[in-house]
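Peer 1: Before we start, here is the structure in question, set down as structure tokens.
The values are calculated or read from the model by the stated rules, or taken from the named source; none is laboratory data. Source: prediction; values computed, not measured. Heads up, the Cβs are rebuilt from the backbone with ideal geometry, glycines too, and the neighbour counts pull from every protein chain shown.
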Amino acid sequence: MQEIQLPLAALLPQVPEGSKLKSESTTAPANAAGGDGATPKEEPGSMFGSPVMMLILMGAFFWFVLIGPERKRRKKQEKLLSGLQKGDEVITNAGLYGKIVQIQDQVVTLQIADGVRVRFSLQAVQGLNKPAEGDSKD
């Protein structure tokens, strides 16, 4: 197959040297449909067509799906952490069960077995360990 090469000037439209180029807006009639020369009004689009409306809808979606539930969860966790006291049985984010023996600033010391104490960040406490109703130590 043979490749044909054309000069770039052959691809451009030919304009006589003495003529001036005019923009399409000055050569086009004011109103193609006729009338008073005013620009035709656009038809109203759907309410979802506006970029501002789309931004508002996306913001509402993110609020109800992501931001709102996360704020509720964070408030619940902060309430739990502020109410912790010595003797509470808790579970950590790592799944470790223990009994609080000391809370100092942002550090909590858990007793996980007899004579075994572990220090954790207070933020590592996931929740209270509520024993099931059928569980009882006799």
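Peer 1: Scanning for something assigned to a helix (DSSP H, G or I) and modelled with pLDDT under 90, does region 34-51 turn up at least one residue?
Peer 2: Yes, that holds for at least one residue.
Peer 1: Restricting attention to region 89-108, report how many residues are buried (at least 16 other Cβ atoms within 10 Å of the Cβ) and under 36 Å from the mean Cα position of the chain (by Cα).
Peer 2: 6
Peer 1: Tell me whether region 65-81 contains one or more residues that are loosely packed, with under 10 Cβ neighbours inside 10 Å and among the aliphatic types (A, V, I, L, M).
Peer 2: no
Peer 1: OK, next. Give the residues of region 102-116 that are in contact with a Leu (Cβ under 7 Å, 6 or more places away or on another chain) and β-branched (Val, Ile, Thr), sorted by residue number.
Peer 2: Of everything in region 102-116, those that are in contact with a Leu (Cβ under 7 Å, 6 or more places away or on another chain) and β-branched (Val, Ile, Thr) turn out to be Ile103, Val107, Val108, Ile112.
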